[in-house]
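Comments concern the structure below.
Derivation of every value follows stated rules applied to the coordinates shown; laboratory data play no part. All of these numbers come straight from a predicted model, not from anything done at the bench.
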Amino acid sequence: MDLGKLVGGLNTKDIDKVIKLITENKDVLAALERLPQLFDSFGEGLEAAGGRAREAGAVLIGDGAGGVKDALGDVATSLGGISAAISKGVDRLADVAEGLGRVPMADGPAKSIASAAKEIGGAGSALDDLSGSLETIAELLAKVGSALEQLGDKLDESGTQVKGFMG
């Protein structure tokens with residue numbers, strides 16, 4: 001009895017080839033059975049990475065309670081205030097030096113005070129420059145934080161899509 005004739009003209013050699021293909025590739029087929037689990041695991045990993053990226057962004061930007069950006073902004077503001085106070089002190093020292101310069105035999109101390117005022121003024125200018133640089137860094141970190149939050153959203157979205165791919 002020919003099985004091929006019974007089932008409508010199938011060639012038994014073709015059936016043998018299919019059976020051989022299945023038996024020779026049983027490891028591949030077993031791996032395919034694990035594919036949904038692998039997709040779920042990969043999706044969960046993407047979602048977790050998204051969460052970490054959003055957390056890093058929140059640390060940089062702050063979430064209402066302050067972040068690196070706000071802390072640097074506060075430092076920059078403080079440095080700007082210190083620079084302004086130094087500038088006022090320098091102006092007063094310059095006035096003292098000018099007044100002393102008019103007093104007979106006090107021009108030596110007046111020159112020393114004027115020189116000290118100039119040195120202190122240079123330090124105040126450096127603090128003012130540092131304040132501006134910190135503000136710039138704070139703004140750049142806010143942009144990086146925002147980009148990290150957006151990356152986190154995209155990773156989370158991709159993870160959800162990957163997990164749903166096999167389901």
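Can you give the Rg/Rh ratio of the chain, where Rg is from the C-alpha atoms and Rh is the Kirkwood radius?
On the way: Rg = 37.3 Å, Rh = 23.0 Å.
In the chain, Rg relative to Rh is 1.62.
Under a straight-distance cross-link criterion of Cα-Cα below 18 Å, which lysines are reachable from Lys154, leaving out those fewer than 8 residues away in the same chain?
Cross-link targets: Lys143, Lys163.
Treating cross-link reach as a plain straight distance, find the aspartates and glutamates whose alpha-carbon is under 16 Å from the alpha-carbon of Lys111, omitting any fewer than eight places away in the same chain.
Asp91, Asp95, Glu98, Glu119
Using helices alone, what [θ] at 222 nm do you get for the chain, with -39,500 (n - 2.57) per DSSP H run of 4 or more residues, divided over all residues and rounded to the nearest 500? Don't skip to the end; give the middle numbers.
Numbers: 6 runs with 145 residues, N = 167.
Using -39500 (n - 2.57) per qualifying helix, the result is -30500 deg cm²/dmol.
For Lys17, which lysines qualify as cross-link partners when the Cα separation must be under 26 Å and same-chain residues fewer than eight apart are set aside?
Here the lysines satisfying the reach criterion relative to Lys17 are Lys5, Lys26.
Quick one: grab the alpha carbon gyration tensor of the stretch 112-154, order the square roots of its eigenvalues as a ≥ b ≥ c, and give me rounded if a/c is under 1.5, else prolate or oblate depending on whether a/b is larger than b/c. Numbers along the way, then the final one.
Values: a/c = 11.45, a/b = 9.97, b/c = 1.15.
Prolate.
In bins 5 Å wide, starting from 0, what share of all Cα pairs of the stretch 84-167 does each bin hold, as a percent?
3, 13, 12, 10, 8, 7, 7, 5, 6, 5, 5, 5, 4, 3, 3, 2, 2, 1, 0, 0
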